[in-house]
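Comments concern the structure below.
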Amino acid sequence: MSDVFSLLPWIGAVWLFGIGLYGIVSSRHFVHLTGCLAAIQSSSYLVLLGIGYRYGAVAPIFYDKRPGTQAVDPVVQALVLTDVVIGATVSALLLALVLQLHKRNGIVDPQAMRPMGKSAVPTAGGGRQPNGHTA
Amino acid sequence: MSALDVSSHKAQATIGRRGIILRVAFVILAVGLAVVAWPVVHAMPQFGSHPLPYGDRVNAIGPAERHITNMVSAINFDIRGIDTLGEEFMLLCAVTGGTVLLRGGRGEDRAASPGHVKGRANHRPPDSLRLLCRVLAPLTMLFGLYLAINAMLTPGGGFQGGVVIASALLLIYLAEGYAGWRDALGSEFFDAIEGLGAALYALCGFVSMGLGLPYLAAFLPFGTLKNTFSGGSMLIVNLGVTLAVAGGFATLLIEFMEETRTLKPGDDPDE
């Protein structure tokens, strides 16, 4: 039984990664896609904090504890802090790109984007794109 | 970048077909991920009861040699200070990128009605919300400052405090509306704060070098344990991070809020 509990954090991380990836694959809106990317990123928080955990240990803050008390690993906690900050800024950058895309093409649906390097998928407007350029 | 006209039946059929292909590809990928992940998951160290050599070293060094009690701050601002400098500049780059993408020639007009979506009523925020936000905004700001100032003692630090300070600015927006908000905050001010914060961090490293120490090495006395102003030059670094994060997130908030402003005839919608 303790074996199963020992595996749970890693299984949880794989599961978070999986559902985030499914969300990205099936996404119909770029804002939703950005949220799914955040879900994928949280799997990395889970792995890092899981690695640094120790049963019966305190948080690595020794203000009210005697220095030398068994504490969990602060190295991975600092990494998670970095991870969160980068996640927030990358989300902001992606959302800015979504806004620009919406302004240029009026579209926020990843499925409606044409794959790069492929010939144009025929559109109703006779090849005219919403931004006025011919396809 | 081109896009489909999603309204046509043909385009809808194409999108549906792509959706099925993508989902099939995902199922194959997920099975592959599970197969690869299973041995990795089993090879992971025993959860909660394996040695943490680096963590234990840091936990010993922090209070004894650096005279601070928050080990995460000890790592961020001293032990891996140069990594945090990289993180700091990554933040700066992301904010600059976002600003470049969003900022256009729309100027700083405060009279335009922002947050207004065409075809949707633009209500004035209710008085209860305004009162709540006016009460909460200073308290949130104070809490952010508390987190940032006590970085060396208790959970918190420049990153957390900076983000909390920036969210207090959002509460001011909720209370005062766009015009009042923009009157209260100048985007130049926050641009300057962000740049100054990052510069303070980098320059702190050069001061160490000027004193003949390695880059970002601590050069001030560490002070006494459990004193707010213990930690020596980590305090300067922490101040730099606080300014940069608060300024960066405030800049992003302002730029995103600018996007909701209704365009006037002269404005270029592409910018």
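The values are calculated or read from the model by the stated rules, or taken from the named source; none is laboratory data. For clarity, every value in this text was computed on a predicted model and none was experimentally measured. Positions of Cβ are generated from backbone atoms using ideal geometry, with glycine treated the same way; all protein chains shown enter the neighbour counts. With ligands, DNA and RNA removed, areas are computed over all heavy atoms of the protein, side chains included. Shrake-Rupley method; radii C 1.70, N 1.55, O 1.52, S 1.80 Å.
Here are some notes:
- Residue in region B:182-194 that is open to solvent by less than 10 Å² (accessible area, probe 1.4 Å), farther than 30 Å from B:Ile79 by Cβ and in contact (Cβ under 8 Å) with a residue 24 or more places away in the chain present: yes
- All of B:Ala184, B:Ala192, B:Ala198 fail the test of being in contact with a helix residue (DSSP H, G or I) (Cβ under 7 Å, 6 or more places away or on another chain) and at pLDDT 90 or above, apart from B:Ala198.
- Qualifying residue in region A:56-70 (condition: in a helix (DSSP H, G or I) and within 7 Å of chain B (Cβ to nearest Cβ)): no
- A:Phe5, sole failed condition from (1) at pLDDT 90 or above; (2) within 9 Å of chain B (Cβ to nearest Cβ): (1)
- If the condition is being facing another protein chain (nearest Cβ under 9 Å), closer than 30 Å to A:Leu99 by Cα and in a helix (DSSP H, G or I), then region A:27-55 contributes no residue at all.
- Only residues that are within 25 Å of B:Ala246 (Cβ to Cβ), open to solvent by less than 30 Å² (accessible area, probe 1.4 Å), among the aliphatic types (A, V, I, L, M) and more than 7 Å from chain B (Cβ to nearest Cβ) were counted across region A:71-96, and they come to 1.
- When B:Leu225, B:Leu263, B:Leu211 are checked against the criterion of being more than 20 Å from B:Val95 (Cβ to Cβ), open to solvent by 40 Å² or more (accessible area, probe 1.4 Å) and modelled with pLDDT of 90 or more, a single residue qualifies: B:Leu211.
- Selected residue (criterion: farthest from A:Leu101 (Cα to Cα)) from residues of region B:74-93 that are open to solvent by 10 Å² or more (accessible area, probe 1.4 Å) and free of Cβ contacts under 8 Å to residues at least 24 places away in the same chain: B:Ile79
- Taken together, the criteria exclude B:Pro51 from residues that are within 21 Å of A:Pro67 (Cα to Cα) and within 30 Å of the chain's Cα centre (by Cα).
- Checking every residue in region B:65-73 against the condition of being more than 30 Å from A:Asp64 (Cβ to Cβ) and surrounded by fewer than 24 Cβ atoms within 10 Å (Cβ to Cβ) gives zero matches.
- Residue in region B:1-18 that is under 30 Å from A:Val14 (Cα atoms), within 7 Å of chain A (Cβ to nearest Cβ) and more than 29 Å from the chain's Cα centre (by Cα) present: yes
- Subset of region A:23-63 that is open to solvent by 40 Å² or more (accessible area, probe 1.4 Å) and without any contact (Cβ under 8 Å) to a residue 12 or more places away in the chain - its residue that is nearest to B:Leu147 (Cα to Cα): A:Tyr63
- Meets criteria (in a helix (DSSP H, G or I) and of a type outside the set (A, V, I, L, M)) for B:Gly48: no
- The lone exception for B:Ile61 - which of (1) free of Cβ contacts under 8 Å to residues at least 60 places away in the same chain; (2) out of contact with any strand residue (DSSP E or B) (no Cβ under 6 Å at 6 or more places or on another chain); (3) surrounded by 14 or more Cβ atoms within 10 Å (Cβ to Cβ); (4) facing chain A (nearest Cβ under 9 Å) it fails: (4)
- Residue match in region A:1-9 (condition: surrounded by 20 or more Cβ atoms within 10 Å (Cβ to Cβ) and either in contact with an Asp or Glu (Cβ under 7 Å, 6 or more places away or on another chain) or not hydroxyl-bearing (Ser, Thr, Tyr) (or both)): no
- Scan region B:242-253 for residues that are surrounded by 24 or more Cβ atoms within 10 Å (Cβ to Cβ) and either hydrophobic (A, V, I, L, M, F, W, C) or without any contact (Cβ under 8 Å) to a residue 12 or more places away in the chain (or both) and the total you get is 7.
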